[in-house]
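Structure first, then comments.
The values are calculated or read from the model by the stated rules, or taken from the named source; none is laboratory data. Here the structure is a predicted model, which is why all the values come from computation and not from measurement. Glycine also receives a Cβ, built like all others from the backbone with ideal geometry; neighbour counts cover every protein chain displayed.
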Amino acid sequence: MNHDQKVTHYSSFIFSTIIVLLVAIFPEYTSWFVTVFFLGFALIYTLQKHKASSSKAISYISYFLFIVVLVYTLVNI
C-alpha cells in the first residue's frame, strides 16, 4: 500500500467515524448525514492521486448512492 492509498484509507476511516458519531448524537438528521457520507466518500476517492480501478468503482458507486439518498431525503422532508 503506497502513501496515497494510506491517506485515502485513513481519511475515509476518520470521515466514517465522524458521520457515525453525528448520527448517534443527532438521529433526527440521519438521512442528511447519510447523504453527506456518500458524497464525502465519492469525493475522497475521486480526488485520490493514483487511482486504482477499485477506487474508480467506489467513487462511481458512491456518486450513484449519493443521488439515490439525496432524492429519498428530499422526498421525505
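Scan the stretch 44-60 for residues that are out of contact with any helix residue (DSSP H, G or I) (no Cβ under 7 Å at 6 or more places or on another chain) and farther than 16 Å from LYS6 by Cβ and jot them down. Can you show your working first?
Step one: list which residues in the stretch 44-60 are out of contact with any helix residue (DSSP H, G or I) (no Cβ under 7 Å at 6 or more places or on another chain), which gives 47, 51-54, 56-57, 60.
If the condition is that a residue be out of contact with any helix residue (DSSP H, G or I) (no Cβ under 7 Å at 6 or more places or on another chain) and farther than 16 Å from LYS6 by Cβ, then SER53, LYS56, ALA57, TYR60 are the ones that fit.
Restricting to the stretch 40-53, name every residue that is aliphatic (A, V, I, L, M) and farther than 17 Å from PHE13 by Cβ. Walk me through it before giving the result.
To start, the set of residues in the stretch 40-53 that are aliphatic (A, V, I, L, M) comprises 42-44, 47, 52.
Matches in the stretch 40-53: ALA52 only.
The selection criterion, being surrounded by 14 or more Cβ atoms within 10 Å (Cβ to Cβ) and in contact (Cβ under 8 Å) with a residue 12 or more places away in the chain, holds for TYR63. If you go through the stretch 5-15 one residue at a time, do you hit one that is modelled with pLDDT of 90 or more and among the charged types (D, E, K, R)? No, there is no match, as no residue in the stretch 5-15 is modelled with pLDDT of 90 or more and among the charged types (D, E, K, R). Given the criterion among the aromatic types (Phe, Trp, Tyr) and in contact with a Gly (Cβ under 6 Å, 6 or more places away or on another chain), identify the matching residue among PHE37, PHE15. Sole residue among the options that is among the aromatic types (Phe, Trp, Tyr) and in contact with a Gly (Cβ under 6 Å, 6 or more places away or on another chain): PHE15.
Note on the stretch 1-42: residues that are acidic (Asp, Glu) and either crowded, with 16+ Cβ neighbours inside 10 Å or within 19 Å of TYR72 (Cα to Cα) (or both) total 1.
Taking first residues from the stretch 1-21 that are under 24 Å from THR35 (Cα atoms) and partners that are at pLDDT 75 or above and outside any helix (DSSP H, G or I), the Cβ contacts under 7 Å between residues at least 6 apart in sequence or on separate chains come to THR8/GLN48.
Residue-by-condition table, conditions (1) closer than 20 Å to ILE14 by Cα; (2) modelled with pLDDT under 90; (3) not in a helix (DSSP H, G or I):
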{"site": "ALA24", "(1), (2), (3)": "yes, no, no"}
{"site": "VAL36", "(1), (2), (3)": "yes, no, no"}
{"site": "SER55", "(1), (2), (3)": "yes, yes, no"}
{"site": "ILE67", "(1), (2), (3)": "no, no, no"}
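Are any of the residues in the stretch 33-45 more than 15 Å from the chain's Cα centre (by Cα) and of a type in the set (A, V, I, L, M)?
No, the stretch 33-45 has no match at all.
Only one of the numbered conditions (1) of a type outside the set (Val, Ile, Thr); (2) in contact (Cβ under 8 Å) with a residue 12 or more places away in the chain; (3) surrounded by fewer than 18 Cβ atoms within 10 Å (Cβ to Cβ); (4) within 17 Å of TYR63 (Cβ to Cβ) is not met by HIS50, and that is (4).
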